[in-house]
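Participant: The following block contains the structure, expressed as C-alpha cells.
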Amino acid sequence: MRRVFALAALAVSTPAFAADGERTAVQLVSRAGTGAHIAWDMVSELTTRFGPRPAGSPNERAAARWAAAKLKDYGFRNVAVHDFAITGWTRGQESAAILLPHPQPLAATALGGSPATPGGAIEGEIISFASLEALKLAAPGSLAGKVALVDLAMPKGGTGFGYGYVGRVRAFGPGEAAARGAIGFLMRSVGTDSHRLPHTGSTRYVDGKVPIPSFALSVPDADQIARLEALGERVRVRLSSTASYQPGAITSYVTGDIPGSGAAEEIVLLGAHLDSWDLGTGAIDDGAGISIITAAAKLIGDQQRRPRRTIRVVFYGAEEVTQPDSADVSGRAYLDPRLAQMAKHVLAMESDEGADPIVALALPDHLKGSAFEAAAQRILGPLAIVPAREPPGRGGVDIAPLVDAGVPAFVLQQSASRYFDYHHTADDTLDKIDRVSLDQNVAAWAGLIWLAADGDTDFRPRGTAK
C-alpha cells in the first residue's frame with residue numbers, strides 16, 4: 001500500500017480536469033501516505049479516553065466536547081456542539097439460557113431499544129423461522145406464549161452486500177413476532193463471523209415502543225439451537241434483561257468548517273457518527289470515520305490555498321438508535337434547522353464502514369463519463385480504487401435525509417470482508433484498525449474532496465431545482 005501512494009505522484013501526467021486542482025489533489029494523496037495526518041492519533045484517543053459512547057450517555061456528551069476542542073486545535077472554524085434530546089436506552093444486566101431439553105447458557109445480547117423482561121425473566125418454547133418472510137406467514141395468535149427465532153445468516157461478501165437484507169430481521173422481526181402473540185424474540189446475529197460474540201443493533205418501535213424483549217444470539221449459539229431442533233428436540237429458553245429508558249437524554253452533533261475562498265457559501269459536507277454501541281469501544285463503528293474525515297479536511301485546511309467551497313465536517317450523534325417517532329433521528333437533527341440552506345449544500349459524503357481499504361467510488365448516474373469522474377479516477381486509480389457498479393443511493397444513514405432533500409451524494413466504498421465480523425460486538429476495538437489502510441482512506445478522501453470543493457462542478461442533475 002505504501003507503494004500506491006508513491007505511484008499517485010505520477011498521476012498529473014494525464015490530461016488535466018483542472019491542472020492545478022489535480023496537482024494539488026496528488027500532493028494531498030502523497031502527504032496522507034507519509035503520515036502527515038492525525039487519523040490514528042484521533043481514533044486512538046477517542047476510543048481510549050471515552051470507550052463506549054452510547055447515544056445520550058455521559059461518555060458521548062464528553063466525547064462531543066472533546067471533539068469540538070480538537071477541531072478548534074486543528075484550525076477548523078465555526079466549531080459548535082449542538083445538543084438535542086432523545087429517549088436514551090441502557091442495557092443493564094442480561095442473560096439467556098436453554099432450559100430444555102438440557103440446561104446450557106447462551107451467548108446473547110439485547111437489541112437496542114428492547115424493553116426489560118417482565119417479572120425479571122421470561123420463559124418460552126422457541127418457534128423457529130428461516131426468514132422474516134416466513135415469520136410474516138405465521139397466523140395471528142400462533143406464537144402465544146412462545147419465543148420466536150429468525151435464523152437467517154448474513155453472507156460474507158467484500159462489500160457487505162447482505163447487511164441491508166438480513167438487517168431487516170433486526171428492524172422488523174420483534175414487531176412481527178409480537179403481532180402474532182410471541183412473548184420474546186431471538187435472531188441469529190447480523191454478522192459474518194463465527195465468534196461467540198453476539199451483534200447488537202437497534203430495532204424499530206411499534207406504536208411508540210419496542211413491543212417485546214428482543215435478543216441477538218451469537219452465530220455459534222444460533223447453530224446450537226438449529227442442531228437441537230434437527231435432532232427433534234423442542235427447545236425452551238429463559239431470557240432476562242434489566243434494560244431501561246431515559247426520556248429526555250441529551251445527545252449532540254458537532255460541526256466544524258474549513259472555509260472556502262471563492263464560493264464559501266457552498267458546502268461540501270463530510271459526515272461520520274460519534275456515538276457507538278456499548279459492547280465495544282466504537283473503533284471501526286465509527287471512530288474510524290470520525291478520524292478519516294477530520295484528517296482529510298485538516299490536510300486540505302493546512303494548505304496555503306483554500307478550496308473554493310467550504311468543507312464542513314459533521315460528527316453526528318445518536319446514529320445507532322431509532323426513536324419512537326423517527327428512524328432518522330441523527331440526520332434529521334442536522335437537516336431540520338437548515339432546510340432552507342439545502343440548495344447551498346452541493347455534496348454530502350459519509351464514512352461509516354471502518355478503516356479497511358476503499359475499493360470503489362460510487363457517483364450518481366448522471367456523472368458517469370463526466371470530466372469530473374475522469375479526474376477523480378486519475379487521482380484514485382493509483383490507490384487501487386475503481387468506479388463502482390452501482391450508484392450511491394442514499395449515501396449512508398446520517399446523510400440520507402440530506403439526499404432525500406436533494407443533496408447529491410458520493411460514496412467511497414470500502415472492503416467489508418472483515419467489518420461485519422466485528423460490527424456491533426464487544427470486538428469493535430482499536431486493534432481492528434490497520435494503520436496502512438487508514439492512510440489509504442485519508443488519502444482517497446483528501447484527494448477526492450479537494451477536487452469537489454475546489455472546482456465548480458454542479459453535482460445535481462441538469463434541470464434539478466435548487
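Participant: Part of a helix (DSSP H, G or I) and of a type in the set (K, R): is that true of R168 in this structure?
Facilitator: Yes, satisfied.
Participant: Among A340, A376, A333, which is aliphatic (A, V, I, L, M), under 22 Å from V442 (Cβ atoms) and outside any loop (DSSP other than H, G, I, E, B)?
Facilitator: On the way: A340 fails: under 22 Å from V442 (Cβ atoms); A333 fails: under 22 Å from V442 (Cβ atoms).
Unique residue meeting the criteria: A376.
Participant: Can I ask one more? So which of L228, L279 is out of contact with any helix residue (DSSP H, G or I) (no Cβ under 9 Å at 6 or more places or on another chain) and part of a loop (DSSP other than H, G, I, E, B)?
Facilitator: L279
Participant: So which residues in the range 278-333 are basic (K, R) and closer than 23 Å to F50 by Cα?
Facilitator: K298
Participant: Go through S326, S252, S291 for me and flag whichever is closer than 30 Å to F185 by Cβ and small (G, A, S). Let's see the steps before the verdict.
Facilitator: Details: S252 fails: closer than 30 Å to F185 by Cβ; S291 fails: closer than 30 Å to F185 by Cβ.
Residue meeting the stated conditions: S326.
Participant: Let me ask something else about it. Show the residue pairs meeting these rules: Cβ distance below 7 Å; 6+ apart or different chains; first residue within the range 361-373 and closer than 11 Å to F459 by Cα; second residue loosely packed, with under 14 Cβ neighbours inside 10 Å.
Facilitator: So the pair list comes out as H366/P461.
Participant: Given the residues A297, A272, A318, A264, which is the only one that is at pLDDT 95 or above and part of a helix (DSSP H, G or I)?
Facilitator: So the residue among A297, A272, A318, A264 that is at pLDDT 95 or above and part of a helix (DSSP H, G or I) is A297.
Participant: Another question about this same structure. Hey, can you tell me all the residues within the range 144-170 that are within 26 Å of A97 (Cα to Cα) and without any contact (Cβ under 8 Å) to a residue 40 or more places away in the chain?
Facilitator: A144, G145, K146, A148, V150, L152, V166, G167, R168, V169
Participant: Looking at this structure, is R394 surrounded by fewer than 19 Cβ atoms within 10 Å (Cβ to Cβ) and of a type in the set (K, R)?
Facilitator: Yes.
Participant: Quick one: would you say A139 is within 32 Å of the chain's Cα centre (by Cα) and of a type outside the set (S, T, Y)? Let's see the steps before the verdict.
Facilitator: Working: within 32 Å of the chain's Cα centre (by Cα): no; of a type outside the set (S, T, Y): yes.
For A139, the condition - within 32 Å of the chain's Cα centre (by Cα) and of a type outside the set (S, T, Y) - is not met.
Participant: Still on this structure, please answer the following. Inspect all residues belonging to the range 115-127 and state whether any of them is under 23 Å from P220 (Cα atoms) and under 29 Å from the mean Cα position of the chain (by Cα).
Facilitator: No, because not a single residue in the range 115-127 is under 23 Å from P220 (Cα atoms) and under 29 Å from the mean Cα position of the chain (by Cα).
Participant: If you don't mind, there's one more thing I want to ask. Looking for whichever is within 26 Å of D325 (Cβ to Cβ) and either open to solvent by 50 Å² or more (accessible area, probe 1.4 Å) or among the aliphatic types (A, V, I, L, M) (or both) here; the options are A97, A134, A148, A108. Which one fits?
Facilitator: A148
Participant: Out of the range 176-230, which residues are of a type in the set (S, T, Y), within 20 Å of the chain's Cα centre (by Cα) and open to solvent by less than 20 Å² (accessible area, probe 1.4 Å)?
Facilitator: Listed by number, the residues that qualify are S189, T200, T203.
Participant: Let me ask something additional. Determine if the range 221-234 includes at least one residue that is within 19 Å of A318 (Cα to Cα) and modelled with pLDDT of 95 or more.
Facilitator: Looking through the range 221-234, none of the residues is within 19 Å of A318 (Cα to Cα) and modelled with pLDDT of 95 or more.
Participant: Being at pLDDT 95 or above, of a type in the set (S, T, N, Q) and crowded, with 16+ Cβ neighbours inside 10 Å is the filter here, so list the residues in the range 321-356 that pass it.
Facilitator: Result: S351, single match.
Participant: Is it true that D439 is in contact with a His (Cβ under 9 Å, 6 or more places away or on another chain), modelled with pLDDT of 95 or more and among the charged types (D, E, K, R)?
Facilitator: Values: in contact with a His (Cβ under 9 Å, 6 or more places away or on another chain): yes; modelled with pLDDT of 95 or more: yes; among the charged types (D, E, K, R): yes.
Judged against the criteria, D439 is a match.
Participant: If you check T159, T200, T109, which single one turns out to be modelled with pLDDT under 95 and touching a strand residue (DSSP E or B) at 6+ places or on another chain (Cβ under 8 Å)?
Facilitator: Among T159, T200, T109, only T159 is modelled with pLDDT under 95 and touching a strand residue (DSSP E or B) at 6+ places or on another chain (Cβ under 8 Å).
Condition check ((1) of a type in the set (S, T, N, Q); (2) touching a strand residue (DSSP E or B) at 6+ places or on another chain (Cβ under 6 Å); (3) closer than 30 Å to S95 by Cα; (4) open to solvent by 50 Å² or more (accessible area, probe 1.4 Å)) across all residues:
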residue	(1), (2), (3), (4)
V235	no, yes, yes, no
I250	no, yes, yes, yes
A263	no, yes, no, no
D275	no, no, yes, no
D286	no, yes, yes, no
A295	no, no, no, no
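Participant: Could you list, in sequence order, all residues of the range 31-81 that are more than 21 Å from D257 (Cα to Cα), at pLDDT below 95 and open to solvent by less than 50 Å² (accessible area, probe 1.4 Å)?
Facilitator: G33, G35
Participant: Applying the selection to the range 398-417, what residues are at pLDDT 95 or above and either open to solvent by 20 Å² or more (accessible area, probe 1.4 Å) or under 14 Å from the mean Cα position of the chain (by Cα) (or both)?
Facilitator: Correct list: D398, I399, A400, V403, D404, A405, G406, V411, L412, Q413, Q414, S415.
Participant: Any residue in the range 436-446 that is part of a loop (DSSP other than H, G, I, E, B), surrounded by fewer than 20 Cβ atoms within 10 Å (Cβ to Cβ) and of a type outside the set (S, T, Y)?
Facilitator: Going through the range 436-446, the residues part of a loop (DSSP other than H, G, I, E, B) turn out to be none.
Looking for residues that are part of a loop (DSSP other than H, G, I, E, B), surrounded by fewer than 20 Cβ atoms within 10 Å (Cβ to Cβ) and of a type outside the set (S, T, Y), one finds none in the range 436-446, hence no.
Participant: Return the only residue of D431, D456, D421 being out of contact with any Pro (no Cβ under 7 Å at 6 or more places or on another chain), open to solvent by 20 Å² or more (accessible area, probe 1.4 Å) and assigned to a loop (DSSP other than H, G, I, E, B).
Facilitator: D456
The values are calculated or read from the model by the stated rules, or taken from the named source; none is laboratory data. Computed from a predicted structure; not experimentally measured. Heads up, the Cβs are rebuilt from the backbone with ideal geometry, glycines too, and the neighbour counts pull from every protein chain shown. Just the protein is used for accessible areas: all its heavy atoms, side chains included, with ligands, DNA and RNA removed. Shrake-Rupley method; radii C 1.70, N 1.55, O 1.52, S 1.80 Å.
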